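Chemist: Sending over a structure as structure tokens; questions will come in a sec.
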Amino acid sequence: MATLIRSLSDHSNDVNCCAFSSTCLATCSSDKTVRVYSLRDFSELPYSPLRGHAYAVHCCSFSPSGRLLASVSTDGRAALWDTRDGRCLALLGRPRGCALRVCRFCPRGARLLVGAADGALVLWDTRSLSAYRSGNVKDGSLVACAFSPNGNFFVTGSSSGDLTIWDDKVRCLYNEKAHDLGVTCCDISSHPVSDSENGFRCFQMASCGQDNQVKLWLILFANFLGAELKYKCTLNGHSAPVLTCAFSHDGQMLVSGSVDKCVIIYETSTGNTLHTLSQHTRYVTTCAFAPHSHLLATGSMDRTVHVWQLDLKPSCAGSAEEPKSRVAAEDWSEDDVSAWLCAQDLADFVGLFKMNNIDGKELLNLTKESLANELKIESLGLRNKILQKIEDLRTTMSSVSAPVPDEFLCPITRELMKDPVIAADGYSYEREAMERWVSSKRRSSPMTNLPLPSLLLTPNRTLKMAITRWLEMQQK
């Protein structure tokens, strides 16, 4: 199971990225800061927060030794920090340069890969503080990157939907259209695949995108044949754009986070859902596994970072995904109830509920008395916890009796719009959410990441009438 062991709420704006070293957790935010915590007790280090960026910090990454921490920002700079004392060792890039989106250290040397909103990528030498090689993605913004475990190649993802394989001299080896609406993140497993075909060297990669999908790929290499990206499968579960994905240190698990506010943990070998975490209240923007342990960090636009301890029990593997919301709780089978218990961190009660044939109807009729007298649950705290989860389930089921049409949801908040407006990019947003977006000096479209030609917001009265009619129908 996944146990929430710490919630960090020090950032005053969206959390954009989190990263682990062997001893520290780093987080960065649109509040322009990077914060660093000790893994011993998750206390913030004395030199934290790190201040040096003029605008939002989009990404942070530790060097292989953990001695350096890199961060990149809308201000066009990549900062290098000394993790021993928090000193800023260098600012790489040009003042007022193009916004930087991602950064990753090469596993085998003092090289830092930085990607920009205009599609440019630069491989920096962190010893000489000079640009070693540079390149440009085919189209769109560079929004994702990942190195192979040996550092011989890396992969980039773009807002146009392309995944591109590069060698360590920044020569393009292969390009693939992977996600129709744009790539948002990618990661390469640190463990090569052992059953590679035809003698190819084979690495497993995950990518996610605006198309709501998480995809698994094989990266194949052969002498004289170059590189190839081979599609393996799609992992389902998210109902909205997936913003982040990451492999565990042993490659056995994959985690993803989405605009649907959920975190899903998959078993890599089977694609089964091991657990669904739904504690964040806004978009999940980042997730990362710690090296050599089963610690997981997830960050969100709700300004929090949750730290989880994973202790996955085989009895719940493959069945921990909650029953689909389209099935009313009173119609759940006993297996559906077992899956719900696992998803609510109540897996210890699966056997008891099955022994007493608790299906959905029985679940909703449970009381304090029946839990104590019939199911023999002695702990008052556990009885109250179960009843609270059941009450939350009743509330959720009553509020989602019919799924909200996606076009009625604001792309920024993913909540039902009350005052929809049309922006210059042609998309409709909740007025308050879009006004906050542009007031924070963001002049790019939340949907396309392209510059907005105008900040004019036009009321979408047709959409507002359609939403009103839909709400009236739900009340009948």
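Chemist: Which condition number does Gly318 fail, the rest of (1) modelled with pLDDT under 80; (2) surrounded by 20 or more Cβ atoms within 10 Å (Cβ to Cβ); (3) of a type outside the set (Phe, Trp, Tyr) being met?
Modeler: Condition (2) is where Gly318 drops out.
Chemist: Of the conditions (1) at positive phi; (2) open to solvent by less than 20 Å² (accessible area, probe 1.4 Å), Leu121 satisfies every one except a single condition; which number is it?
Modeler: Result: Leu121 fails condition (1) only.
Chemist: Given (1) open to solvent by 50 Å² or more (accessible area, probe 1.4 Å); (2) of a type outside the set (A, V, I, L, M); (3) in a loop (DSSP other than H, G, I, E, B), identify the lone condition not met by Lys464.
Modeler: Here Lys464 clears every test but (3).
Chemist: Right, next: Would you call Leu113 hydrophobic (A, V, I, L, M, F, W, C) and surrounded by fewer than 22 Cβ atoms within 10 Å (Cβ to Cβ)?
Modeler: No; evaluated as a whole, the condition is false for this residue.
Chemist: Sort through Thr413, Thr468, Thr458, Thr448 and tell me the only one that's polar (S, T, N, Q) and touching a helix residue (DSSP H, G or I) at 6+ places or on another chain (Cβ under 7 Å).
Modeler: Selected residue: Thr413, the only one of Thr413, Thr468, Thr458, Thr448 that is polar (S, T, N, Q) and touching a helix residue (DSSP H, G or I) at 6+ places or on another chain (Cβ under 7 Å).
Chemist: Now a separate question. Take Ser159 and decide whether it is without any contact (Cβ under 8 Å) to a residue 24 or more places away in the chain and of a type outside the set (D, E, K, R).
Modeler: no
Chemist: Now for a different question. How many of the residues in the range 234-271 are of a type in the set (S, T, N, Q) and within 19 Å of Asn16 (Cβ to Cβ)?
Modeler: 3
Chemist: His179 passes all but one of (1) under 20 Å from Val307 (Cα atoms); (2) modelled with pLDDT of 90 or more; which number fails?
Modeler: Here His179 clears every test but (1).
Chemist: Still on this model: Can you confirm whether the range 194-209 contains a residue that is under 24 Å from Thr244 (Cα atoms), in a loop (DSSP other than H, G, I, E, B) and open to solvent by 30 Å² or more (accessible area, probe 1.4 Å)?
Modeler: For the range 194-209, residues under 24 Å from Thr244 (Cα atoms), in a loop (DSSP other than H, G, I, E, B) and open to solvent by 30 Å² or more (accessible area, probe 1.4 Å): absent.
Chemist: Let me ask something else about it. Give just the number: which of (1) crowded, with 16+ Cβ neighbours inside 10 Å; (2) at pLDDT below 95 does Gly151 not satisfy?
Modeler: With (1) crowded, with 16+ Cβ neighbours inside 10 Å; (2) at pLDDT below 95 applied to Gly151, the lone miss is (1).
Chemist: Considering the range 31-46 alone, what residues qualify as being surrounded by fewer than 21 Cβ atoms within 10 Å (Cβ to Cβ) and either hydrophobic (A, V, I, L, M, F, W, C) or more than 23 Å from Gly115 (Cβ to Cβ) (or both)?
Modeler: Scanning the range 31-46 gives Ser38, Leu39, Arg40, Asp41, Phe42, Ser43, Glu44, Leu45, Pro46.
Chemist: Of all residues in the range 329-341, which are in a helix (DSSP H, G or I) and not polar (S, T, N, Q)?
Modeler: Ala329, Glu330, Asp331, Glu334, Asp335, Asp336, Val337, Ala339, Trp340, Leu341
Chemist: Taking the range 68-80 on its own, how many of its residues are open to solvent by 10 Å² or more (accessible area, probe 1.4 Å) and farther than 19 Å from Phe147 by Cα?
Modeler: Counting residues in the range 68-80 that are open to solvent by 10 Å² or more (accessible area, probe 1.4 Å) and farther than 19 Å from Phe147 by Cα gives 3.
Chemist: Look at Lys476 and say whether it is modelled with pLDDT of 90 or more and either more than 27 Å from the chain's Cα centre (by Cα) or loosely packed, with under 12 Cβ neighbours inside 10 Å (or both).
Modeler: Spelling it out, it is not the case that Lys476 is modelled with pLDDT of 90 or more and either more than 27 Å from the chain's Cα centre (by Cα) or loosely packed, with under 12 Cβ neighbours inside 10 Å (or both).
Chemist: If I ask for residues that are of a type outside the set (A, V, I, L, M, F, W, C) and touching a residue at least 24 places away in the same chain (Cβ under 8 Å), which ones from the range 344-361 would you list?
Modeler: Passing the criteria: Gln344, Asp345, Asp359, Gly360, Lys361.
Chemist: Right, here's the next one. If I filter the range 32-54 for residues that are free of Cβ contacts under 8 Å to residues at least 12 places away in the same chain, assigned by the TED database to the domain that holds Ser278, out of contact with any Pro (no Cβ under 6 Å at 6 or more places or on another chain) and of a type in the set (Asp, Glu), do I get at least one hit?
Modeler: So far as the range 32-54 goes, yes, one or more of its residues are free of Cβ contacts under 8 Å to residues at least 12 places away in the same chain, assigned by the TED database to the domain that holds Ser278, out of contact with any Pro (no Cβ under 6 Å at 6 or more places or on another chain) and of a type in the set (Asp, Glu).
Chemist: Between a first residue in the range 16-28 that is farther than 24 Å from Ala54 by Cβ and a second residue that is part of a loop (DSSP other than H, G, I, E, B) and open to solvent by less than 10 Å² (accessible area, probe 1.4 Å), which pairs have beta carbons less than 9 Å apart while being 6 or more apart in sequence or on different chains?
Modeler: Within 9 Å, the pairs are Phe20/Ala290; Ser21/Ala290; Ser22/Ala290; Leu25/Ala290.
Chemist: In the range 171-190, how many are assigned to a loop (DSSP other than H, G, I, E, B), surrounded by 23 or more Cβ atoms within 10 Å (Cβ to Cβ) and among the aliphatic types (A, V, I, L, M)?
Modeler: 1
Matching residues to (1) crowded, with 24+ Cβ neighbours inside 10 Å; (2) touching a His at 6+ places or on another chain (Cβ under 6 Å); (3) not hydrophobic (A, V, I, L, M, F, W, C):
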site: Leu8; (1), (2), (3): no, no, no
site: Ser12; (1), (2), (3): no, no, yes
site: Ser29; (1), (2), (3): yes, yes, yes
site: Ser48; (1), (2), (3): no, no, yes
site: Ser63; (1), (2), (3): no, no, yes
site: Gly66; (1), (2), (3): no, no, yes
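The values are calculated or read from the model by the stated rules, or taken from the named source; none is laboratory data. Predicted model only: the values in this text are computed from it and were never measured. Neighbour counts run over all protein chains shown; Cβ positions are idealised from the backbone, glycine included. Note: areas computed on protein heavy atoms with side chains; ligands, DNA, RNA excluded. Shrake-Rupley method; radii C 1.70, N 1.55, O 1.52, S 1.80 Å.
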